[in-house]
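Report on one structure; see the data block that follows.
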Amino acid sequence: MDLDPEGLFRDDSDEDDDNVQEREANKEMVVYLIDASPKMFTPATKADEKEETHFHTIVNCITHALKTQIIGRSYDEVAICFFNTKEKKNLQELAGVYVYNVTEREPLDRPDARLIKEFSCIEDSFMSNIGSRYGITSGSRENTLYNALWVAQALLRKGSVKTVSKRIVIFTNEDDPFGGLTGAVKTDMIRTTIQRARDAQDLGLSIELLPLSRPDEEFNISLFYADLIGLEGDEIVDYLPSSGEKLEDMTNQLKKRMMKKRKVKTLAFAITNDVCIEVNTYALIRPTTPGAITWLDSISNLPLKAERSFICNDTGALLQDPQKRFQVYNDKIVKFSTRELSDVKRVSSHHLRLLGFKPLDYLKDYHNLRPSTFIYPSDEEEVTSAGGQIEPPGIHMIYLPYSDDVRYPEEVHLTSDDAPRATDEQIKKASNLLRRIDLKNFSVCQFSNPALQRHYGILEALALGEDEMPDVKDETLPDEEGLARPVVVKAVEEFKASVYGENYDQEEAEAAAAKAGASKKRKALTDAAAEKSAAHNWAELADTGKLKDMTVVDLKSYLSAHGLPVSGKKEALKGMSNVSSIVQQYRLCCSCNVSAR
């Protein structure tokens, strides 16, 4: 896999062009197999007042997953298939299997707004349009589960398993689909169904199960589905979700099953000149940003493909030959082809090369410029006769700065007299406060970016034609309820008292009261000045030139009433020049306001 050398060292801020090959390597195709037997339409819990059924839970769960997929992995493809149905709709014409789809879309294709909108309302018309029945019954050789696996395998036929991840996800609350059968018929149907699943797994297809427990009994995966998906021993206990009755739990379980680590790139890691292994790189955590803008055709609403052409300045004809770059050197133009330029930038013949080893303490925290990349061998692990490594642990590739990027700023050494130091009592109270408000098992993944949530919520509402915008909960806001706990309040008060003193609140209250009193006093003086100023006709005094006969107190009352500065010498105020001009401006403003009205 020949990659662009610049791609290995490009910054996160640089946007990559759409790389079809890289997308195909990370692409995923999923077929949702949904049990539509009558048991799926019974209430999920005994105390469920709304009588929410397992079928309703699954529809909402898949709808939520499709919305998330459009945002995160829009180029993944998905198909929805019901089994144990009255109607049939599949290319193989197998009974009891209905492949759900909308117009202008392939059965296995990228999810779109129309699919999400119509699928979210499918429960209203499911019984009349598709229907529900028991597909595996005594006295019949019909095996709807076998048919469903066959149809799902046929849907996932396109694409190579080397570049595309293919998965089948089964939703059901029936732990023993062959429980109504007996004897050789039951044994034969179980054998053929398990063999069909194993044939699909041999072709590189992964089969997942999301079980739902009924109110009267827990889902027993050991009866049948453990053999179907290939689980043994402790894997069965680890596989079962803690609870899958409610929508939130089922959605989380589906997210855990679907969000598997996906490789970013496959690189060649040269250990020596003669030893080279192939490794996969994984992006463990990255900051989430809004998606790139996609230009659409105004008529067909299809994405536009940007094309660039070079035109000759002399003739105006399109240039067909590969473009060459040049560099002026010693007054000469040195031309480079695209291939030659790539070879110049190539560090070595391999993507990664082991140069040597250094002690771990050489690596500093501030050397980590951006999120690391996890490297893991792509070949399957092997057990050697000498008792060698069974499962390699992998390594983290940390991006280091260049030598000229490291700065050594001068440190300002402050003496003990210049900088305030916390006392032992203050440090003790601060430590106690931190223990009280500590977040248990904190992870940045627990909190969503509210701005991004609102951004995608608005896009979702516009795409689905919804009138109301979704409410976005800002999880980054402080926990008011948690901070109001008595132990937290006590710790906060003790810390404040140790830093600011016992009478800090009282002093703050007195300062606020004094500030409010001063404000009231200023307002009273302004009102009194306005009342005194209203006793004179200042416009007439200015026209007749009698302002010079006014006292300083009267002049200051006028200035205070109109929010003007009263500072200045006594002679300047008695000069009346500035007061006269102010009165004239005031009259002009009043006349303008009257004319504007």
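How many residues does segment 520-551 contain that are in contact (Cβ under 8 Å) with a residue 40 or more places away in the chain and small (Gly, Ala, Ser)?
Residues meeting the conditions: 2.
For residue 376, indicate whether it is part of a loop (DSSP other than H, G, I, E, B), within 30 Å of residue 163 (Cα to Cα) and at pLDDT 85 or above.
no
Please work out if residue 166 is open to solvent by 50 Å² or more (accessible area, probe 1.4 Å) and in the same structural domain as residue 230 (by the TED database).
Here the answer is no, as residue 166 does not meet what is asked.
Could you list, in sequence order, all residues of segment 312-365 that are of a type outside the set (Ser, Thr, Tyr) and in contact (Cβ under 8 Å) with a residue 24 or more places away in the chain?
Of everything in segment 312-365, those that are of a type outside the set (Ser, Thr, Tyr) and in contact (Cβ under 8 Å) with a residue 24 or more places away in the chain turn out to be 345, 346, 347, 350, 351, 352, 353, 354, 363.
Table: residues versus (1) modelled with pLDDT under 70; (2) surrounded by 10 or more Cβ atoms within 10 Å (Cβ to Cβ).
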{"position": "540", "(1), (2)": "no, yes"}
{"position": "571", "(1), (2)": "yes, no"}
{"position": "575", "(1), (2)": "yes, yes"}
{"position": "579", "(1), (2)": "yes, yes"}
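Residues of segment 198-220 being farther than 21 Å from residue 237 by Cα and in contact (Cβ under 8 Å) with a residue 40 or more places away in the chain, which ones?
199, 200, 203, 204, 205
Condition first: surrounded by 12 or more Cβ atoms within 10 Å (Cβ to Cβ) and assigned to a loop (DSSP other than H, G, I, E, B). Now tell me which residues in segment 448-475 satisfy that.
448, 449, 466, 469, 470, 472, 474, 475
Determine the pairs where a residue that is within 19 Å of residue 460 (Cα to Cα), located within segment 95-119, has a partner that is of a type in the set (D, E, K, R) and part of a helix (DSSP H, G or I) with Cβ atoms under 8 Å apart, the partner being 6 or more residues away or on another chain.
Within 8 Å, the pairs are 102/114; 102/118; 116/67.
Which of the residues that make up segment 54-106 are farther than 20 Å from residue 29 by Cα and open to solvent by less than 20 Å² (accessible area, probe 1.4 Å)?
Residues satisfying the conditions are 54, 55, 57, 84, 85, 96.
Going by what's in this entry, would residue 354 be described as modelled with pLDDT of 85 or more and open to solvent by 100 Å² or more (accessible area, probe 1.4 Å)?
In short, no.
Among the numbered conditions (1) in a loop (DSSP other than H, G, I, E, B); (2) modelled with pLDDT under 90, tell me where residue 69 comes up short.
Of everything listed in (1) in a loop (DSSP other than H, G, I, E, B); (2) modelled with pLDDT under 90, residue 69 misses just condition (1).
The values are calculated or read from the model by the stated rules, or taken from the named source; none is laboratory data. Please read all numbers here as calculations on a predicted model, not as lab measurements. Glycine also receives a Cβ, built like all others from the backbone with ideal geometry; neighbour counts cover every protein chain displayed. The accessibility values were calculated without ligands, DNA or RNA, using every heavy atom of the protein model including side chains. Shrake-Rupley method; radii C 1.70, N 1.55, O 1.52, S 1.80 Å.
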